[in-house]
Amino acid sequence: MHKNGPVALIFHILVLTFVLAPLVIICLVAFTPENTLSLPTAGLSLRWFEAVFAHPDFVASFWNSIWLATLSATLAVVFAVPAGLAISRYTFPGRDFLNALFLSPLIIPHLVLGVAFLRLFALIGATGSFAWLVATHIIIVTPYVLRLVLAALSGLDRSAEQAARTLGAGEWTTFRRVTAPMILPGITGGWLLAFINSFDELTMSIFVTSPATVTLPVRMYMYATESIDPMMAAVSALMIAITAVAMLVLDRAFGLDRILVGQR
Amino acid sequence: MAFLSLERVSKEFGTFTAVCDVDLAIEKGEFVSLLGPSGCGKTTTLQMIAGLVEPTKGRISLDGRDITHEKPNRRGLGVVFQSYALFPHMTVAQNVAFGLEMRRIPQAERTERVREALALVQLSAFADRYPRQLSGGQRQRVAIARALVIAPPVLLLDEPLSNLDAKLREEMQFELRRIQRKVGTTTIMVTHDQAEALSISDRVVVMESGRMTQVDAPYRLYEQPSNAFISSFVGKTNLLAGTWRRGGASSGAEIGGVLLETPAPEIADGTPVTLSIRPEKILLCDAGAGRLDGRVASRFFLGSQWLFTVETPLGIMTVSIPNHGEEPPAEGSPVGLDWSPANLRVIADNAAAA
């Protein structure tokens, strides 16, 4: 085993501290009994967690965000997998253009996208319904799925597909039984990234949510512009906990290394 | 009508002709190798038979049925890929069962046939492993079992041994031949390794830049190569360029002022020819006692034999002699080279001979 020198060790500790300290502090603040954002010095309290659940707005927004992220990540997979197959395997006119188009939401600032969608929805008379919100989120999360699917496809040994064909599998069966399982790490990783990005998205969502479809980040933002109290910390702690649990479950079920790095 | 036949099959990729007018008739139960250097079109030919590449021209038929444009999944041929192409997310047994599943073979029969196939390749104990838990040779055998379990009329092997180390490759050659003999499946193997092609095939097809240049039994290919390329590609040889001289009883090739006698067919006087003689057909003797004198430039001990390079007036000649357990001539010592004129082949490259 390669051992780290003292300098490298200190460096690693500093990096980890820098990354984790804010998360640890916000989780601690969530348990404060005080009325201000402060570390709990005089005992722990769950009053701010109770406050969150007493706010039906927050609960509704939380479920909104969960559904939004699940739907948009899943639909992004449905679009990105065929798109990835087409882009990586065929040459056709406009291929590079399509590739660039699908990836462009990564480069365009979400603020710009938000204003543009607001304008577009006003023009076509789209009401601020949940479906339109999902559509905008699909657009911003598709690049993540497409990137990972393309990476998975480029590392795929195509002779396995040919083998399946020679063994009697049709094209659809070959995709279902061989190609899809082999690029599953890419698909799952892409779905996860898409989910997290959608769940997290604030800048664009501010413009395209309607009062009925306010997402959790937007709700938090709106709340924070009016008052800052430890309830924000409680919500944050809950989000961290949910993410951590999701990661743990995924790791137990599939192995995070396998999903994000690829098997073998 | 042959069991599998290719008639004037060609494949063009844009302006590049990968395979040109291949005519091949293979009988049932035969083991045929397609041999050639990389880029000679042998793999493309195999893929056209498998249905993975569509021929530009020509016709492929199997057992009297035209399969030229049939989809690979309708042909029912067994293919073993160079990379083995095992399904990494399935166990060995699931890999082998895949083809049977596609054929909707009932579960009970499937299990039995998978068991038999794994027994054939001696991997019964590994049924529940994943491909990544196997060694190269074991993966290779899984690939063979997977291709054979569907009882294909023809088994196609694409460089099946090239990813194995030398010792394992030799073992697998015999293994492959044993399996093929046992199941009697018509087999076509693509390889760039001449030793592999010679040792296990009934017939060898030599391909050069997209064309078939010789189809023969391994022994005849080795002894009677039809051109200089084949004679040097298949085994080692000494090539000598000279001019044909006819004169009464002793006709032969004149090279550097020396006349080398050889019994050769009718060739006009003065025709440029190339002679080929295999290193093991040359005998070492005392200087002056042979047909040609030379000096040992270097010698290599290969265990079962010694390989000499000898400087002669005709150029460097390679000579191999069996190891008799005695010290052979040292480097720098003068030696004589002798051979039987019958072993001196005239290669038809420039000559009118067949």
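Readers should treat all values here as calculations from the given coordinates under stated rules, not as data from a laboratory. Fair warning: this is a prediction, and the values are worked out from it, not measured in the lab. Counting neighbours? That spans all protein chains shown, and the Cβs are built from the backbone with ideal geometry, glycine included.
Taking amide H as placed 1.01 Å from N in the peptide plane, the amide H of B:Ala287 sits under 5 Å from that of B:Gly336, each at least 5 places away or on another chain. Taking a ≥ b ≥ c as the square roots of the eigenvalues of the alpha-carbon gyration tensor, the protein assembly as shown is classed prolate because a/c is 1.5 or more and a/b outweighs b/c. Calculate the length of the line joining the C-alpha centroid of the stretch B:15-75 to that of the stretch A:191-242, in whole Å. Measuring centre to centre over Cα atoms gives 61 Å. Sparsely packed loop sites in the stretch B:126-165 (the trypsin sites (Lys or Arg not before Pro) outside DSSP H, G, I, E and B with at most 16 other Cβ atoms within 10 Å) comprise B:Arg129. What is the percent of Cα-Cα separations in the stretch B:283-338 that go past 18 Å? So the pairs more than 18 Å apart make up 22 percent of the total in the stretch B:283-338.
Restricting attention to the protein assembly as shown, close to 75% of DSSP beta bridges with both partner residues there are antiparallel. Once the Cα atoms are used to define both axes, helix A:216-226 deviates from the longest principal axis of chain A by about 30 degrees. For the stretch B:256-290, GluC sites (Glu not before Pro) are listed when DSSP marks them as loop and at most 13 other Cβ atoms sit within 10 Å of their Cβ; the list is B:Glu266. Per-residue ellipticity at 222 nm from helix content only, as computed over chain A with -39500 (n - 2.57) for each DSSP H run of at least four residues, stands at -23500 deg cm²/dmol. For the stretch B:22-65, the set of trypsin sites (Lys or Arg not before Pro) satisfying both a DSSP loop assignment and a count of at most 15 other C-beta atoms within 10 Å is given as B:Lys28. Helix A:6-29 axis versus longest C-alpha principal axis of chain A: approximately 60°, rounded to the nearest ten. Cβ crowding within 10 Å ranks B:Leu259, A:Leu192 as B:Leu259, A:Leu192, fewest other Cβ atoms first. Peptide A:176-185 has a mean of 2 when you count, residue by residue, the C-beta atoms of other protein chains within 10 Å of its C-beta.
Peptide B:48-59 has a mean of 1 when you count, residue by residue, the C-beta atoms of other protein chains within 10 Å of its C-beta. Cross-link partners for B:Lys11 among the aspartates and glutamates, with Cα-Cα distance under 15 Å and sequence neighbours closer than 8 places in the same chain left out: B:Asp21, B:Asp23, B:Glu54, B:Glu208.
Charge tally for B:Glu175 (other residues, Cβ to Cβ under 13 Å; Lys, Arg +1; Asp, Glu -1): +4. For the segment B:101-110, counting C-beta atoms of other chains within 10 Å of every residue's C-beta and taking the mean gives 2. When a/c is below 1.5 the answer is rounded, else prolate if a/b is larger than b/c, else oblate, so apply that to the stretch B:1-69 with a ≥ b ≥ c taken from the square roots of the Cα gyration tensor eigenvalues. It comes out oblate by the Cα gyration axes.
Peptide packing: for A:216-222, A:233-239, the average count of neighbouring Cβ atoms within 10 Å per residue gives the ranking A:233-239, A:216-222, highest mean first. Under 11 Å from the Cβ of B:Leu148, count the other residues' Cβ atoms, weight Lys and Arg +1, Asp and Glu -1, and hand me the total. So the environment of B:Leu148 carries a net charge of +3.
Working from Cα positions, state the angle (0 to 90°, nearest 10) between the long axis of helix A:184-200 and the longest principal axis of chain A. The two axes meet at around 30 degrees.
The HN-Hα couplings worked out from phi for the stretch B:197-208 by the Karplus form 6.51 cos²θ - 1.76 cosθ + 1.60 (θ = phi - 60°) are 4, 5, 6, 10, 8, 7, 9, 10, 10, 8, 10, 9 Hz, whole numbers, x standing for Gly and Pro. For B:Lys182, the lysines whose Cα falls under 27 Å of its own Cα, not counting residues fewer than eight places away in the same chain, are B:Lys28, B:Lys42, B:Lys167. Quick one: pull the percentage of alpha-carbon pairs in chain A with a separation above 28 Å. Everything past 28 Å amounts to 50 percent. Using the alpha carbons alone, the radius of gyration of chain B stands to its Kirkwood radius in an Rg to Rh ratio of 1.07. Helices in chain B, meaning DSSP H runs of at least 4 residues, each add -39500 (n - 2.57). Divided by all residues, the mean residue ellipticity at 222 nm is -7000 deg cm²/dmol.
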